[in-house]
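Heads up, the thing below is written out as structure tokens.
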Amino acid sequence: MSMNSFGRLFRFTTWGESHGPAIGAVVDGCPPGLAIDEGVIQPFLDARRPGQSKFTTQRQEPDQVRILSGVFEGRTTGTPISLMIENVDQRSKDYSEVAVAYRPGHADYAYDAKYGFRDYRGGGRSSARETASRVAAGAVARLVIPEVKILAYVSEIGGDMIDPGKFDEAEIAGNPFFCPDAAAAAR
């Protein structure tokens, strides 16, 4: 069984597929009264949006989030918050040629081997597109625990590792690999 729900006190469940009409998350455990609207979540989705460099998918998705429930007059209500991100660049036909073979570097085979089902239209639930739902849920979590800072970066690609002595947090946003070592990013 795949894992679509995370957490206990603060819990979110992601839903949707990369080539369906939308993806999203339901966030449960958020206390009432926190100020929130789409504008609080959107900057995080903008940062992960695809098509921003030649090293990511060129699929053009605006990743525009909509809050469907759990918020009233700009404040959380304490009930589950439903977040939706429409898929506007659904190009399932782009995958018609790979319907007969697994794609190297994708999760097609691993998903099929683990679950006995293959969605060749871009991976379905195994697509990196699904991370948008997690990012949106994480933006809500930041409101609940603002004192916690999460820092993500690339430390190795294909065996080429960063030099920990050259770690520069400011460098992470300065290159398309989100790498904290400028020399490693250049390689």
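The values are calculated or read from the model by the stated rules, or taken from the named source; none is laboratory data. All values reported here derive from a predicted model rather than from experimental measurement. Every residue, glycine among them, receives a Cβ derived from its backbone with ideal geometry; neighbour counts consider all protein chains shown. Surface areas here come from the heavy atoms of the whole protein model, side chains and all, with no ligands, DNA or RNA. Shrake-Rupley method; radii C 1.70, N 1.55, O 1.52, S 1.80 Å.
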>> Give all pairs with beta carbons closer than 6 Å in which a residue from segment 32-51 that is assigned to a loop (DSSP other than H, G, I, E, B) meets a residue that is acidic (Asp, Glu); count only pairs at least 6 apart in sequence or on separate chains.
In response: 49/63; 50/61
> Among the listed residues 111, 120, which satisfies the condition of being part of a helix (DSSP H, G or I), of a type outside the set (A, V, I, L, M) and at pLDDT below 80?
Replying inline: 111
> How about segment 126-153: which of its residues are in a loop (DSSP other than H, G, I, E, B) and closer than 29 Å to residue 168 by Cβ?
Replying inline: 145, 146, 147, 148, 149, 150, 151, 152, 153
> What are the residues in segment 122-180 that are more than 30 Å from residue 76 (Cα to Cα), touching a Gly at 6+ places or on another chain (Cβ under 9 Å) and surrounded by 20 or more Cβ atoms within 10 Å (Cβ to Cβ), if any?
Replying inline: 124
> When you look at residue 83, is it modelled with pLDDT of 80 or more, open to solvent by less than 30 Å² (accessible area, probe 1.4 Å) and closer than 16 Å to residue 20 by Cα, yes or no?
Replying inline: yes
